[in-house]
Amino acid sequence: MSIQFRHKTSWKCFLAAAFAAVLTIQPGLAVERVFCVTNSYNGLPGATGNGTTDDTAAIQRAFSAATNAFNSSDTAGYSGVAVVFPAGTYIISDRLKFVTTNFPPQGGGITIRGVDTLRTVIQSTGSTGAFYFKLGGQRTANKFLRLQIEDIKLFADSSPAGPAIEIEPDGTGMTLGIRPMLRNLHINRTTTANSYTYGIK
């Protein structure tokens with residue numbers, strides 16, 4: 001598998017994406033389009049990862065760019081998209097949303113990738129968890145949509161009203177068509193404020 005950056009990227013993002021791509025090579029997959037959260041999208045600044053700035057809007061712009069690419073009809077030769085978090089602590093005040101309307105003919109996948117659980121940390125200060133995936137479209141027979149989240153530490157226990165990660169199928173055959181893959185993922189949920197104390201739904 002090779003990687004293709006869709007925007008001018010920093011060396012930190014390049015190294016994070018390239019290193020992870022070597023570890024996740026899968027036979028039969030082609031180019032993975034990479035969207036780094038620290039890049040600029042729509043002329044607006046990228047995420048800082050400095051542990052103090054609210055990076056919600058900047059990260060969501062990267063998620064939206066990846067979503068648009070995934071939902072595009074121009075998917076031939078692509079294995080999917082990856083949103084990459086270089087090392088840093090990212091503060092978010094609302095959950096990050098990834099909503100698909102297209103199921104690529106070749107299956108394909110979505111990857112949310114950090115460096116490791118010590119160096120890529122997402123700290124949620126809101127009440128809705130961290131990640132929300134609504135995965136829709138018409139499933140192609142015998143194909144699966146791979147949703148992979150790896151090498152990230154999530155702190156999501158500030159009076160949460162929902163899970164740290166929520167995955168919602170939305171489309172014909174999608175309930176059986178999603179293959180979540182969680183690798184080297186640390187979720188910190190210690191609150192007992194309400195019934196939504198689980199990390200993944």
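Read-outs: derived from the displayed coordinates by stated rules, not from any lab. Since this is a predicted model, take the numbers as computed values, not measurements. Virtual Cβ from ideal backbone geometry, glycine too; neighbours counted across all protein chains shown.
Here are a few things to note about the model shown:
- FRET efficiency for Met181 and Lys134, using Cβ-Cβ distance with R0 set to 22 Å, rounded to 0.05: 0.75
- Amide hydrogen neighbours beyond the local backbone of Val34, cut-off 5 Å, H modeled: Gln4, Phe5, Arg6, Ala82
- For Asn68 and Ser127, the FRET efficiency from 1/(1 + (r/R0)^6), where r spans their Cβ atoms and R0 equals 30 Å, is about 0.60.
- Taking amide hydrogens as placed 1.01 Å from N in the peptide plane, the amide H of Lys201 sits under 5 Å from those of Ile165, Glu166, Ile167, each at least 5 positions away in sequence or on another chain.
- Difference of contour (0.36 nm per residue) and Cα-Cα distance, Asn188 to Thr101: 28.3 nm
- FRET efficiency for Leu118 and Thr53, using Cβ-Cβ distance with R0 set to 22 Å, rounded to 0.05: 0.60
- 5 angstrom amide H check on Ala47, placed H, neighbours 5+ away: Thr38, Asn39
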